[in-house]
1. Starting from the range D:99-120, take each residue that is acidic (Asp, Glu) and list its partners that are away from ligand 3 (no atom under 16 Å from the Cβ), counting only C-beta distances under 7 angstrom and pairs at least six apart or across chains.
2. Out of D:Leu209, D:Leu194, I need the residue that is crowded, with 19+ Cβ neighbours inside 10 Å and more than 22 Å from the chain's Cα centre (by Cα). Which one?
3. Checking the structure you have, find out if any residue of the range A:20-28 is away from ligand 3 (no atom under 16 Å from the Cβ) and in a helix (DSSP H, G or I).
4. If only one of C:Val257, C:Val309, C:Val261, C:Val295 is within 7 Å of chain D (Cβ to nearest Cβ), closer than 30 Å to C:Thr39 by Cα and in a strand (DSSP E or B), which one is it?
5. Hey, does the range A:89-97 have a residue that's at pLDDT 95 or above, crowded, with 24+ Cβ neighbours inside 10 Å and within 14 Å of ligand 1 (Cβ to nearest atom)?
6. Give D:Asp72, D:Asp111 a once-over and let me know the one that is more than 16 Å from ligand 5 (Cβ to nearest atom), of a type outside the set (A, V, I, L, M), away from chain A (no Cβ under 14 Å) and within 29 Å of C:Thr268 (Cβ to Cβ).
7. Please pick out the residue among C:Leu314, C:Leu283, C:Leu302 that is away from chain D (no Cβ under 12 Å), of a type in the set (A, V, I, L, M, F, W, C) and either crowded, with 20+ Cβ neighbours inside 10 Å or more than 18 Å from the chain's Cα centre (by Cα) (or both).
Amino acid sequence: MKVTAEELKTFLKNVVTMIEEQKDYLCELDRKLGDGDHGVTMSIGWQAVNEKLDGDLKEEVDCGKISILTGRTFLSAVGSSVGPLYATGFMRGAKAFQGKSELKDEDLKDFWVAFIEGIKERGKAEVGDKTMIDTLQPALESLQADFEKSNNFLSAFESAVQAAEKGMESTKDMLSKRGRSSRLGERSLGTTDPGAASAFMILNTFLATIKSVQVA
Amino acid sequence: MKVTAEELKTFLKNVVTMIEEQKDYLCELDRKLGDGDHGVTMSIGWQAVNEKLDGDLKEEVDCGKISILTGRTFLSAVGSSVGPLYATGFMRGAKAFQGKSELKDEDLKDFWVAFIEGIKERGKAEVGDKTMIDTLQPALESLQADFEKSNNFLSAFESAVQAAEKGMESTKDMLSKRGRSSRLGERSLGTTDPGAASAFMILNTFLATIKSVQVA
Amino acid sequence: MKKLINNPTKVVEEMIEGYVKAYPKHVRQLAENERALVTAKATREGKVGVLIGGGSGHEPAFIGYVGDGMADGVAVGNIFASPPPDPILEATKAIDKGEGVIYVYGNYAGDVMNFGMAAELADLESGIRVGSVLVTDDVASAPKAEKEKRRGIAGEFFVTKVAGAAADKGYNLDDVVRVAQKANDYTRTMGVGLTPCSLPQTGKPSFELAENEMEIGLGHHGEPGIEKGELQPADQVVDRLVNDILTDMPIDLGEKVAVLVNGLGSTTNMELYIMFRRVEQILSEKGIEIHRSYVGSYSTSLEMGGASVTITRLDEELAAFVDHPADCPMYVQK
Amino acid sequence: MKKLINNPTKVVEEMIEGYVKAYPKHVRQLAENERALVTAKATREGKVGVLIGGGSGHEPAFIGYVGDGMADGVAVGNIFASPPPDPILEATKAIDKGEGVIYVYGNYAGDVMNFGMAAELADLESGIRVGSVLVTDDVASAPKAEKEKRRGIAGEFFVTKVAGAAADKGYNLDDVVRVAQKANDYTRTMGVGLTPCSLPQTGKPSFELAENEMEIGLGHHGEPGIEKGELQPADQVVDRLVNDILTDMPIDLGEKVAVLVNGLGSTTNMELYIMFRRVEQILSEKGIEIHRSYVGSYSTSLEMGGASVTITRLDEELAAFVDHPADCPMYVQK
Ligand SMILES: Nc1ncnc2c1ncn2[C@@H]1O[C@H](COP(=O)(O)OP(=O)(O)O)[C@@H](O)[C@H]1O
Ligand SMILES: Nc1ncnc2c1ncn2[C@@H]1O[C@H](COP(=O)(O)OP(=O)(O)O)[C@@H](O)[C@H]1O
Ligand SMILES: [Mg+2]
Ligand SMILES: [Mg+2]
Ligand SMILES: [Mg+2]
Ligand SMILES: [Mg+2]
């Protein structure tokens, strides 16, 4: 498959829209587990990205630059926990896109692998800590394994998103160990981790975007 | 009629009980017109008087001293607007009781005249200002006129209390001009002035006390 | 409403106890009357004494303003109720150094009577000369034609500051009274209420406002204001408050002022700074110079939500007093 | 919940604007980054820079603590969200005088990552030496065995004060870090929540508690605590909080401490003094000497209702730092 710079920007725009829709839900999850701002933070960050998409990035065709600026913009706008995490994701992923205005299967796979590895390195959380890593690590493993066999990004990413969803859902039954809710104990049970949810939503939005692009 | 020092103290005790019962109602009125504390203030003041009645005043038979100490105790406990007002009432009234352990019609009349004149002097409010003066001034006038004719305190005080009640009720239709609610304008209409209410209650409690004493 | 208290009838006593224990180097309670507090260091010989006071529930006012450069003593009333004459009188005696004492307090029926009685007694019993300045900064509490009927609210901070600074600089009683009176005459406040407070003894909200309502001119004790309306953005609220102030007390281009944006209790510093931002915009547009700003909860109404804007015109004399340092438990200025 | 604001997404910008206009002699905004504020006077040559920061909504923390004897700069995040590396980095560059900069901030995942990235960049890009002290005073936020995981809450005031005083006294970076770290190690806080706050953007209460409930150990951003229970009288609440502190950090008879009774937003000074009264009773019963007390809203959670008690053990070195004067817009000490 091929993803153009324009389509990459469509993906980012779709995340912007999706986050506005999910903002309240993400805050709701964070109110139960943390300080209640995850939806707000994501919204502030993605709105800033949106401005860049309509501004500095309007004519940009280098996918690497698009990804780097997305990360930097997001980070500058929000800080917070997810600022460094998602920003590191986009900035590390950017290396796979550097100088490219069209992305092939391999590039896309490399992007997401670097994206997730970057977040892991930045946050140092582990599976089971009840963070976005519970979404991202299974996705990473599935993506790598599938792609190795199939060399087909779309199908590999499709199963990665399924693995991500399962990972996200597994956070419901976990005790918090990282971040603001680590002392919650039993009371953290039953609620999905907000970062695990937003991470799934981002992956899922990417999938939906490339699928619709594929069809069109 | 005769009122003994013991009966004077019964009156004061009855006020203590009555105020506890009316506390919430008096606060309610004051919330609508002022700062909402009139019942609380009256309660604090009369509880302090109650302690004196059970303490320093236990054996006291000089009605003048009882009245003075009631006024001073009330004032020391509450300050506020009603502290100086009621305290001045009791302290001025005390002159009519000085050295007496039994009070005759004339003494009782003189007491209430001095009580009310004292409050008027202290507060400098006028009829129509929507204060306790709207209760007290009609009571004063009725008491003086009736007593002049009948020389009978009980009957004269009975009509005075009726006049007081009418006066109290008239405050409902008045605009506030004094104290905390003077800028309320139209919004002060419809609510009885809390001080007008408590003043009526005190007069009425005195009437009830001397009546029950009379019967016994 | 939930409160971290013990016995609702003992809140003032326990507050004072905690306060005195927290700042033993600053304040002490008089043996003669537990509701009278004075500075821990004795008032300087030759200095006019400055006495403040009023009902409790306005903290930092009034107990928080005893200290160098501010008041020498304070009489503490029950919640929202003037103190009786006794503590006022005892504090007066304790701080008088033969130069007389100035009383600075808000113009409420109760305070007028109680401080008035105390002043009389101070003169009669101890021959202490007392001057009084009644604070009347609340524009909303009476029309301009009846200015002397107005209540005192947050602006009392500036009147106290001026009296305290003048006394500290060695002014005599007449002059301290003169400058404090001038400070009062040059001070206007307009407030807005959003959410009620409740007295510990009743637990009942002092007033009711719908979730989208505000009340302009609401009193410092929850006394109803002059106008209920829909809650507006901060800038519009400030425009209204400042406009009312400037209509009542015109200020010329080039004049200097002090500004206090005061929180009533539960309104956050964030909101107060957002409000101050607008006050500054308006004044600088009009060419009025803000000489010094105060933003914070300087005079509260328990946990009431809302805020007020106070503007004091400053001539050279008043400006110097506003800049005078102070060292009180709840307010320090270098 | 009703708030006096304009645009909910602009509250932090407008707050900063108001703040800088209110105290132009104290603070200035950096041209390089509007979320970076530094002292208006340049940091003294040869002095270690002190940088603080974190999410907004805790005012006076953190912006209020920039000034003489405290911090030289502050990086301001969104509400309850760590600032990104940029403002931290810009403030670092602005306050570094070649002696290095100490970062004092609360131990939250976000702050750790953002301040960590900024420290790396400061070193890489400008060769500035950065030392960091992460505040971990909240006893409720992790068991003693995992002390290093604890959050920073009100106790950050003392750690900042010690760092600021040490830097002001000319200590070098290693020593400033050493004493600030000691201050953190000697500091414990326990809090109680009564009523929620709400983010301007959502307007939703951060948590729910019944009219008769309180929550022990509730976090500074409304993070759920360790125990919900029926609201108790202030003395019992304080007994619990102080007991948890002293169990975690035993203090010997004769030791000196500093105490902070901190209001979370809408809790009144009256309540805080009632609480302080009890803290003082407990400590004096145990023969622990309160060297200095702080009572007030030093670190808030917007308009949250509740309070915390912080105790810092003081050796001679720390006691001198606590006594060191300070002059910040929202905190002055003589
Ligand atoms: N160290 C970490 N590694 C990975 N994810 C983390 C880490 N710390 C926090 N998170 C994620 O961040 C989310 C919270 O984000 P957000 O609410 O925006 O930030 P904050 O916690 O600063 O308020 C959590 O739900 C969790 O998934
Ligand atoms: N100058 C005055 N003369 C007579 N009565 C007054 C005067 N001022 C106030 N009052 C009375 O005091 C009442 C209020 O008392 P209270 O609520 O106890 O005191 P405060 O107004 O100080 O809160 C009013 O309802 C009014 O009747
Ligand atoms: Mg969060
Ligand atoms: Mg009243
Ligand atoms: Mg009152
Ligand atoms: Mg946050």
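The values are calculated or read from the model by the stated rules, or taken from the named source; none is laboratory data. All values reported here derive from a predicted model rather than from experimental measurement. Quick reminder, even Gly has a Cβ in these numbers, built from the backbone with ideal geometry, and neighbours come from all protein chains shown.
1. D:Glu99/D:Gly46; D:Glu99/D:Lys47; D:Glu99/D:Val48; D:Glu99/D:Asn172; D:Glu99/D:Leu173; D:Asp111/D:Tyr105
2. Working: D:Leu194 fails: more than 22 Å from the chain's Cα centre (by Cα).
D:Leu209 is the lone residue from the list that is crowded, with 19+ Cβ neighbours inside 10 Å and more than 22 Å from the chain's Cα centre (by Cα).
3. Of the residues in the range A:20-28, the ones away from ligand 3 (no atom under 16 Å from the Cβ) are A:20-21.
With the extra rule that they be in a helix (DSSP H, G or I), the set shrinks to A:20-21.
Yes, the range A:20-28 contains at least one residue that is away from ligand 3 (no atom under 16 Å from the Cβ) and in a helix (DSSP H, G or I).
4. Values: C:Val257 fails: within 7 Å of chain D (Cβ to nearest Cβ); C:Val309 fails: within 7 Å of chain D (Cβ to nearest Cβ); C:Val261 fails: within 7 Å of chain D (Cβ to nearest Cβ).
Going through C:Val257, C:Val309, C:Val261, C:Val295 in turn, the sole match is C:Val295.
5. Going residue by residue through the range A:89-97, those that are at pLDDT 95 or above are A:89-97.
Those still in the list that are crowded, with 24+ Cβ neighbours inside 10 Å too: A:89-90, A:93-94, A:97.
Restricting the remaining residues to those that are within 14 Å of ligand 1 (Cβ to nearest atom) gives A:89.
Within the range A:89-97, one or more residues are at pLDDT 95 or above, crowded, with 24+ Cβ neighbours inside 10 Å and within 14 Å of ligand 1 (Cβ to nearest atom).
6. On the way: D:Asp111 fails: away from chain A (no Cβ under 14 Å).
Sole residue among the options that is more than 16 Å from ligand 5 (Cβ to nearest atom), of a type outside the set (A, V, I, L, M), away from chain A (no Cβ under 14 Å) and within 29 Å of C:Thr268 (Cβ to Cβ): D:Asp72.
7. Details: C:Leu283 fails: away from chain D (no Cβ under 12 Å); C:Leu302 fails: away from chain D (no Cβ under 12 Å).
Result of the check over C:Leu314, C:Leu283, C:Leu302: C:Leu314.
Table: residues versus (1) buried (at least 24 other Cβ atoms within 10 Å of the Cβ); (2) more than 19 Å from the chain's Cα centre (by Cα).
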{"residue": "D:Pro60", "(1), (2)": "no, no"}
{"residue": "D:Val66", "(1), (2)": "yes, no"}
{"residue": "D:Ala94", "(1), (2)": "no, yes"}
{"residue": "D:Gly106", "(1), (2)": "yes, no"}
